[in-house]
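The values are calculated or read from the model by the stated rules, or taken from the named source; none is laboratory data. For clarity, every value in this text was computed on a predicted model and none was experimentally measured. Counting neighbours? That spans all protein chains shown, and the Cβs are built from the backbone with ideal geometry, glycine included. Surface areas here come from the heavy atoms of the whole protein model, side chains and all, with no ligands, DNA or RNA. Shrake-Rupley method; radii C 1.70, N 1.55, O 1.52, S 1.80 Å.
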Amino acid sequence: MKDRHSTGAPWRNFYGRLKGKGLRKSQEAYLDEDLASYAPGPVGWEENPERNPLDVAGMFGGKPVWLEVGFGGGEHLVHQALENPEAGIIGCEPYINGVAMLLGKLRDNPAGNVRIHPGDVRDLFDVLPEASLDKAFLLYPDPWPKKKHHRRRFVTPEHLEPLARAMKPGAEFRVATDIPDYVRQTLQEVPKAGFTWAAERPRDWRTPWDDWISTRYEQKALREGRVPHYLTFRRGGAAA
């Protein structure tokens, strides 16, 4: 059994949705007309089979670089980009409907400090230089509630170890979730990957971050009586 695709890419199981209900004509136009201009560089195996690192330093003119993993509809990413023009933000989302939603928001709120990878974050990790990220966000990730599916969650070594490699010493990693068992797994696995939980008191994980914008996923959780948790970690090592 081959362990590589014809492009050289490793076989990686992907379990999330890539596309939902039909896109609106306007959303198809966003994808056709706008998406290429937000590319961070050659990420995929077909255009970058040698897995050459992205020019992250030049991507945003030397600005600090942030990453949002699974940006959903893009509300938080656009908010952060507009509020923090001194930083550049790479958003990664394999669900093409979410990518189209983000592009629509960017048409209404142009932000030159955004790049988008519409695919598996593991492919992006392959080409992110070591210690190139200043901040990362994982907000309301797919909970994969069945115990047998917990290995599919982001907070596993397959994702956390390359994330840690790509983050600078002292960089901040934020995780928001309303699933108690996801909180448990996050607190168990993230420190193993080289991060330190920054909480000192209960309000540190019960209270949103000062620059937080509540997403539609969080609003749904609140309507259904679930309690959000806001977890902040720091990458180990001395800050630059």
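Scan GLU47, GLU68 and give me the residue that is in a strand (DSSP E or B) and either without any contact (Cβ under 8 Å) to a residue 24 or more places away in the chain or surrounded by 13 or more Cβ atoms within 10 Å (Cβ to Cβ) (or both).
Checking each option against the conditions leaves just GLU68.
How many residues are crowded, with 17+ Cβ neighbours inside 10 Å and modelled with pLDDT of 90 or more if we restrict to the range 216-231?
Of the residues in the range 216-231, 6 are crowded, with 17+ Cβ neighbours inside 10 Å and modelled with pLDDT of 90 or more.
Would you be able to tell me the number of residues in the range 81-96 that are buried (at least 18 other Cβ atoms within 10 Å of the Cβ) and not hydrophobic (A, V, I, L, M, F, W, C)?
Applying the first criterion (buried (at least 18 other Cβ atoms within 10 Å of the Cβ)) to the range 81-96 yields 81, 88-96.
From the residues that got through so far, the ones that are not hydrophobic (A, V, I, L, M, F, W, C) too are 88, 91, 93-95.
The total comes to 5.
Would you confirm whether any residue within the range 123-132 is at pLDDT below 95, surrounded by fewer than 20 Cβ atoms within 10 Å (Cβ to Cβ) and touching an Asp or Glu at 6+ places or on another chain (Cβ under 9 Å)?
no
Restricting the range 1-50 to residues that are of a type in the set (Phe, Trp, Tyr) and modelled with pLDDT under 55, which is farthest from MET101 (Cα to Cα)?
Among residues in the range 1-50 that are of a type in the set (Phe, Trp, Tyr) and modelled with pLDDT under 55, the one farthest from MET101 (Cα to Cα) is TRP11.
Inspect all residues belonging to the range 157-169 and state whether any of them is open to solvent by less than 10 Å² (accessible area, probe 1.4 Å), charged (D, E, K, R) and over 12 Å from the mean Cα position of the chain (by Cα).
no
Quickly run through the range 97-117 and pick out the residues that are closer than 23 Å to ARG152 by Cβ and surrounded by fewer than 22 Cβ atoms within 10 Å (Cβ to Cβ).
Result: ASN97, GLY98.
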